[in-house]
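Chemist: Mind looking over this structure? Questions follow.
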Amino acid sequence: MAIEDDVLVIGGGIAGLTSAVAAAEAGARTRLVTYKQSTLGNASGLVDVLGYAPGDDAPRADPYDAIAQLPAEHPYSKVGADAVREGLALFDDAVGDGYLGSQSEANALVPTHAGSIKPTARYPRSAAPGLVSDDRDMLLVGIDSVTGFDAPMAADHLSAAGVPFDVRGETVRFPKSFPQDADVTRYARALDRDESVDNGTVREVLADRVEAVLQDERRVGFPAVLGDSRHEVVRTELQDRLGVDVFEVPTGPPSLPGLRLEDALYEAAEDAGVRITSGNPIVDFDSDGGRVEQVLMDRLGSEVAYEAQQYVLATGGPVGGGIESDRDVVEEPIFGLPVEHPEDRYEWFDDDVWGDHAYTEFGVDVDDDLRPVAGEEVQFENLRAAGNVIGGYDFATEKSGCGVSLATGYVAGSEAGELI
């Protein structure tokens, strides 16, 4: 017997979670199914809408003024600027006061671990004192055994970018010794627990070592390892001990801000009544009369059927496994949806590493209702796509990945839920 729901969302990233919450809030009995862990743990935890429009050399202050200028195949052109705002409103409700930026439609400028400046629409509260619009001098503090953040190099890069403040970088030794391959969560948990070390606790000794290199700076940035479940407690205590504002610099994978965001969104989905099934792949589906009837999940070698009236596909792009390719074809693997691409593989990329690479925009084509199409033919009238599985845009260059996931996720989930 099939497991029945009103709406079935496939994929556990931002797009899938947004779709599931939106469908549940529309009154639909909603299930989210996901095979692998989402890629949020590899993400910075920043939520971008549109940092750069095509042809831009400088970051956009207002992401919305460029949306109307985007090409027709761009996902934002399909759903419109109001959907972006609605998606962000859903996000704001989900994460509560853990994120800032909702007071303005303008992008904020946040320094990253590489010393670059990222235009973003929402940012963790722990990153707020580090905004580039703040002209107070800044000290960046690296931890010698956390190799993903070179504080002196990041400071040099920020200075070269022309930030309106003086910035220095210093490296200190963490109060506890861990193996060279220790995950960043080990440092975070030591700070969460304030573990005992020689001459005090981890937080006390770390603050003492930073104070020894602090000069006249009024804010101090650390790599994003300042606690896991208690990161605001850790950050507040370090602020009190140092007498300056303390912030986290978003870092590369594995990313604690990304993992914290994943936890917050899954909690919001559960609070909305979404049923979550994880850990098993979808291996087939049945359709009839242009509608998806059910999907089949492999659970310990047995196929389990999941049936719904409406479906949302939010499995991600090539990185998340939502788009696959071989020497002959590029396609979406669950429903076999076509992906438009040049037949000659040498046309998939540009000879210039910074050039316009065709593969960055690979994804399924959708109509204005986000239903996958081949040409103008709708593939399944009760299936919608959301997030990076949709083609027609380069989220990495544009800095638009989370915004597209929120906007298309909101539209796909809301429309699916309202059709029940």
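Chemist: Using a 1.4 Å probe and ignoring any ligands, DNA or RNA, find the accessible area of THR315 and quote it in Å² to the nearest 10.
Modeler: 30
Chemist: Also: Once you sort the root eigenvalues of the Cα gyration tensor of the stretch 93-230 as a ≥ b ≥ c, which label holds: rounded (a/c under 1.5), prolate (a/b larger than b/c) or oblate (the other case)?
Modeler: Oblate, because a/c is 1.5 or more while a/b does not exceed b/c.
Chemist: Go ahead and run the numbers for FRET between ASP144 and GLN103, Cβ-Cβ distance against an R0 of 60 Å, rounding to 0.05.
Modeler: 0.95
Chemist: While we're on this one: To check my understanding: the extent here is largest minus smallest coordinate of the Cα atoms along each principal axis. What are those three numbers for the stretch 108-166, in Å, largest first?
Modeler: 31, 23, 16
Chemist: Next up: Hey, what does the equivalent ellipsoid look like for the stretch 194-275, semi-axes from the Cα gyration tensor as sqrt of 5 times each eigenvalue, largest first, whole Å?
Modeler: Computed over the stretch 194-275, the values are 30, 14, 11 Å.
Chemist: Further, regarding this structure: Taking a ≥ b ≥ c as the square roots of the Cα gyration tensor eigenvalues, with a/c under 1.5 meaning rounded and otherwise prolate when a/b beats b/c, else oblate, which class fits the stretch 142-186?
Modeler: prolate
Chemist: Could you sort 223-229, 399-405, 359-365 so that the peptide with the highest average Cβ count within 10 Å comes first and the rest follow in order?
Modeler: Highest-to-lowest ranking by the protection proxy: 399-405, 223-229, 359-365.
Chemist: As a check on your grasp of the helix formula, calculate [θ] at 222 nm for the chain: sum -39500 (n - 2.57) over DSSP H runs of n ≥ 4, divide by the residue count, round to the nearest 500.
Modeler: After summing the helix terms and dividing by the residues of the chain, the value is -8500 deg cm²/dmol.
Chemist: A further question follows. Give the distance, in whole Å, between the Cα centre of the stretch 250-310 and the Cα centre of the stretch 99-157.
Modeler: Centre-to-centre (Cα) distance: 33 Å.
Chemist: Compute the accessible area per residue over the stretch 189-240, keeping the other protein chains in place, probe 1.4 Å, unit Å².
Modeler: Value returned for the stretch 189-240: 46 Å² of accessible area per residue.
Chemist: Something else about it: For the stretch 269-420, report the accessible area per residue in Å² (1.4 Å probe, heavy atoms, rounded to an integer).
Modeler: Counting only protein heavy atoms, the per-residue value for the stretch 269-420 is 49 Å².
Chemist: In what sequence, highest mean first, do 131-143, 292-304 appear when ranked by Cβ atoms within 10 angstrom?
Modeler: 131-143, 292-304
Chemist: Here is a further query. Taking the C-alpha atoms of the stretch 251-329, how large are the radius of gyration and the largest Cα-Cα span, Dmax, in Å?
Modeler: For the stretch 251-329, the Cα radius of gyration and maximum Cα-Cα distance read 16.1, 48 Å.
Chemist: With a 10 Å cut-off between alpha carbons and a GNM built on the chain, which of ALA22, ALA161, ALA53 moves the most?
Modeler: ALA161
Chemist: Take the stretch 352-420, compute every pairwise Cα distance, and split them into 10 Å bins from 0; I just need the percent in each bin.
Modeler: 20, 46, 26, 7, 1
Chemist: Then there is this: Gain in length, ASP208 to GLU340, computed as 0.36 nm per residue apart minus the alpha-carbon separation, to one decimal in nm?
Modeler: That works out to 41.8 nm of additional length.
Chemist: Can you return the lysines within cross-link range of LYS78? Criterion is Cα-Cα under 25 Å, with same-chain partners fewer than 8 residues away left out.
Modeler: LYS399
Chemist: For the chain, modelled as a GNM with alpha-carbon contacts under 10 angstrom, which of VAL205, VAL79, VAL110 fluctuates the most?
Modeler: Its mean-square fluctuation being the largest, the pick is VAL205.
Chemist: Take peptides 324-330, 148-154 and line them up by average Cβ neighbours within 10 Å, highest first, as a rough protection proxy.
Modeler: Packing proxy ranking, top to bottom: 148-154, 324-330.
Chemist: How large is the translational diffusion coefficient of the stretch 53-133 in µm² per second when you combine the Kirkwood radius over alpha carbon pairs with Stokes-Einstein at 4 °C and 1.567 mPa s?
Modeler: In µm²/s, the coefficient rounds to 93.
Chemist: Taking every eigenvalue of the Cα gyration tensor of the chain, multiplying by 5 and rooting it, what semi-axes result, largest first, whole Å?
Modeler: 40, 24, 19
The values are calculated or read from the model by the stated rules, or taken from the named source; none is laboratory data. All values derive from a computational prediction rather than experimental measurement. All Cβ positions, even for glycine, are placed from backbone atoms using ideal geometry, and neighbour counts span all protein chains on display. Surface accessibility is based on the protein's heavy atoms, side chains included, excluding ligands, DNA and RNA. Shrake-Rupley method; radii C 1.70, N 1.55, O 1.52, S 1.80 Å.
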